[in-house]
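A quick write-up on the structure given underneath.
Each reported figure results from applying straightforward, stated rules to the coordinates on display, with no laboratory input. All values reported here derive from a predicted model rather than from experimental measurement. Don't worry about glycine lacking a Cβ; one is built from the backbone with ideal geometry, like all the others, and counts go over all protein chains shown.
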Amino acid sequence: MNILLLGSGGREHALAWKMTQSHHCDQLFIAPGNAGTAAFGNNLNIAVTDFDAIKAACVTHQINMLVVGPEEPLVKGIYDVFQADPSLNHIIVVGPSKAAAQLEGSKAFSKQFMQRHGIPTAAYAEFTADSIEEGRRYIQNHPLPIVLKADGLAAGKGVVIAATTAEALACFDEMIVGKQFGAASEKVVIEAFLEGIEVSVFALTNGEAYHIIGHAKDYKRIGVGDTGLNTGGMGCVSPVPFMDAAFMKKTEDRIIRKTVEGLAKEGLEYHGFIFFGLMNVNGDPIVIEYNCRLGDPETEVVLPRLQTDLVALFAAMDNGTLEDANISFDERSAATIMAVSGGYPGSYEKNKPIQFPPKELIPKDSMIFHAGTSQAGDAVLTNGGRVLAVTSYGGNIAEAVEQSKSVLAQISFEGMYFRNDIGFEFPC
Ligand code: AMP
Ligand code: GLY
């Protein structure tokens with residue numbers, strides 16, 4: 001099978017690493033990829049939303065499977081574009097239809113979906129320019145902290161947790177009146193703040209059957225001790241100690257099964273990953289958000305722990321045999337730590353040469369996934385805020401973290417920073 005993978009982050013490097021272990025994978029192409037993915041296939045200089053160029057590449061390279069890493073092409077309808085084209089509709093697209101991708105593409109849609117299907121989530125209301133006075137009153141009467149969310153995609157910046165009413169009112173006006181995120185903040189969801197520990201759970205579904213393929217805890221803040229600005233994710237650990245059989249059962253019974261059944265009932269076509277962003281509130285899972293893709297850096301710990309052939313799973317998802325698939329996991333813990341550019345998540349410089357340790361000094365149970373890199377001759381340069389994700393296995397989380405830190409100690413680039421406390425709640 002020839003596979004085209006869309007994306008250029010650590011998630012895609014991990015997907016490339018995992019998919020090329022399958023004997024079903026003949027040739028892998030990555031658009032646009034990064035310096036790391038180039039070791040597993042051919043990078044194509046095509047943007048993930050350039051549907052015409054993607055379609056042409058699928059014809060040229062006789063692609064049988066399109067695996068979509070990031071959300072943007074899904075929310076823009078790449079699945080539907082392939083379905084509608086008789087020369088491309090034989091290609092297995094791993095990702096939901098445009099209508100179903102609204103689970104991530106519209107916060108209001110996902111909240112309404114959860115209400116329709118009795119899926120636990122924070123209480124909320126939604127407002128537009130037409131209901132701005134109502135929105136202001138809603139904020140004034142709401143307990144603090146209060147959460148404001150731009151309805152549409154906002155590059156991970158559309159959520160504000162306001163500690164004061166004044167801050168919430170200012171953010172609300174900035175989103176709706178100031179059009180802070182353009183069309184994405186024409187509608188704003190305001191919801192109750194949930195107190196608890198976050199966990200990300202991943203399922204693969206064809207709209208009928210589903211399998212949980214892993215879970216992880218993401219560390220989103222830039223600073224040690226979960227302080228400072230939010231980022232795309234500074235590190236992840238898996239498995240998460242509180243994800244025991246009882247919590248997992250509640251998650252399946254109250255959330256995952258109801259979501260898959262809801263999609264089917266509403267005729268929302270879904271052949272891909274569902275990312276359940278959950279809060280563990282006193283032992284009960286509550287949905288914070290859905291994403292229609294794998295997480296980054298969650299993928300960099302989830303796929304190393306997944307022993308099942310991922311390409312075979314995608315084929316099973318397509319041919320109706322997903323239910324029969326056996327999912328097995330590596331019993332070891334995995335931890336990934338992101339090395340980021342100085343200044344991230346604010347402004348940062350690119351094109352800094354990266355020094356790597358010689359291959360023989362990298363422990364065999366550690367992997368360096370590239371997140372934002374480019375190749376320039378023999379040199380690998382930084383090419384993003386998040387640059388590398390170093391994943392290690394360990395007997396427990398603390399061991400895995402320590403090993404990733406020892407690999408990071410041998411890597412350098414100007415301005416490099418990483419959190420040295422990933423997994424801090426799980427000391428042994
Ligand atoms: P989202 O884009 O919806 O994932 O939100 C980004 C981050 O904001 C989440 O990962 C949480 O850390 C936080 N967050 C979102 N909604 C809530 C909520 N209702 N209560 C507490 N934290 C939240
Ligand atoms: N790490 C969070 C995300 O991928 O959305």
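What spacing in nm lies between the two simple spin-label points modelled at ASP26 and GLU208, each 7 Å away from Cα in the Cβ direction?
So the label points at ASP26 and GLU208 sit 2.8 nm apart.
Net charge near VAL177: determine it from the other residues with C-beta under 14 Å of the C-beta of VAL177, scoring Lys and Arg +1 and Asp and Glu -1.
Working: positive: ARG136, LYS179, LYS187; negative: ASP130, GLU133, ASP173, GLU174, GLU186.
Charge balance in the 14 Å sphere: -2.
Which residues in region 166-195 place their backbone N less than 16 Å from a point set 7 Å from the Cα of GLN140 along the Cα-to-Cβ direction?
Correct set: 166-173.
Hey, what D do you get for the chain in µm²/s if you plug the Kirkwood alpha-carbon radius into Stokes-Einstein at 25 °C and 0.890 mPa s?
Details: Rh = 22.1 Å.
The diffusion coefficient I find is 111 µm²/s.
With r as the distance between the Cβ atoms of GLU360 and LYS179 and R0 = 56 Å, compute the FRET efficiency 1/(1 + (r/R0)^6) and round to 0.05. Before the final figure, lay out each step's value.
Details: r = 54 Å, r/R0 = 0.97.
The computed FRET efficiency comes out at 0.55.
Gain in length, ARG221 to ILE197, computed as 0.36 nm per residue apart minus the alpha-carbon separation, to one decimal in nm?
On the way: separation 24, 0.36 × 24 = 8.64 nm, distance 1.36 nm.
In short, 7.3 nm is gained.
Quote the FRET efficiency, to the nearest 0.05, computed for GLN307 versus ALA163 with a Förster distance R0 of 45 Å and r equal to the Cβ-Cβ distance. Don't skip to the answer; put the middle values down first.
On the way: r = 44 Å, r/R0 = 0.97.
FRET efficiency, GLN307 to ALA163: 0.55.
Need the C-alpha centroid separation for region 371-406 versus region 249-317, integer Å.
25 Å
Rank-order 421-428, 323-330, 211-218, 275-282 by packing density, defined as the average count of other C-beta atoms within 10 Å over each peptide's residues, highest first. Spell out each step's value before the answer.
On the way: 421-428: 16.2, 323-330: 11.6, 211-218: 22.6, 275-282: 18.4.
Highest mean packing first, the order is 211-218, 275-282, 421-428, 323-330.
Fewest to most neighbouring Cβ within 10 Å: what's the order for CYS292, CYS171? Before the final figure, lay out each step's value.
Values: CYS292 25, CYS171 22.
Fewest-to-most ranking of CYS292, CYS171: CYS171, CYS292.
Extension gain GLU425-THR60, at 0.36 nm per residue separation less the Cα-Cα distance, in nm?
On the way: separation 365, 0.36 × 365 = 131.40 nm, distance 4.96 nm.
Once the chain is fully extended between GLU425 and THR60, it gains 126.4 nm.
May I ask you to list, by number, the DSSP H helices of the chain whose Cα span along the axis is at least 15 Å and whose average Kyte-Doolittle hydropathy reaches -0.5 or more? Kindly include the intermediate steps, with their values, before the conclusion.
Values: long enough: 165-176 (16 Å, 0.81); 397-408 (16 Å, 0.36).
Answer set is 165-176, 397-408.
What value, in deg cm²/dmol to 500, does the helix sum -39500 (n - 2.57) over DSSP H runs of n ≥ 4 give at 222 nm once divided by the residues of the chain? The partial results should precede the final answer.
Details: 13 runs with 115 residues, N = 428.
Here the helix-only value at 222 nm equals -7500 deg cm²/dmol.
Can you list the lysines whose alpha carbon is less than 27 Å from that of LYS350, not counting same-chain residues fewer than 8 positions off?
Within the straight-line limit of under 27 Å, LYS350 reaches these lysines: LYS157, LYS220, LYS359, LYS405.
What's the local net charge at TYR290, with K and R +1, D and E -1, over the other residues with C-beta under 13 Å away?
Numbers: positive: LYS107, LYS111, LYS149, LYS258, ARG293; negative: GLU71, GLU104, GLU289.
Here the charged neighbours net out to +2.
Sorting GLU402, GLU195 on the 10 Å Cβ count, fewest up front, what's the list?
Values: GLU402 13, GLU195 9.
Result, fewest neighbours first: GLU195, GLU402.
Go through 383-395, 108-120 and give me the packing order, highest mean Cβ count within 10 Å leading.
Working: 383-395: 24.1, 108-120: 17.7.
Final packing ranking: 383-395, 108-120.
If we sort 2-11, 345-354, 265-274 on the protection proxy, mean other Cβ atoms within 10 Å, highest first, what's the order?
Working: 2-11: 26.1, 345-354: 14.5, 265-274: 19.0.
Output ranking for 2-11, 345-354, 265-274: 2-11, 265-274, 345-354.
Counting Lys and Arg as +1 and Asp and Glu as -1, what is the net charge of the other residues whose Cβ lies under 9 Å from the Cβ of SER200? Can you show the working numbers first?
Details: positive: LYS217; negative: GLU198, ASP218, GLU298.
Neighbour charge sum, excluding SER200 itself: -2.
Of the cross-linked pairs LYS111/LYS149; LYS107/LYS187; LYS18/LYS76; LYS107/LYS258, which ones have a Cα-Cα span greater than 21 Å in the structure shown? Write down the numbers at each step before the final one.
Values: LYS111/LYS149 11 Å; LYS107/LYS187 9 Å; LYS18/LYS76 26 Å; LYS107/LYS258 18 Å.
The pairs that break the limit, which is 21 Å between Cα atoms, are LYS18/LYS76.
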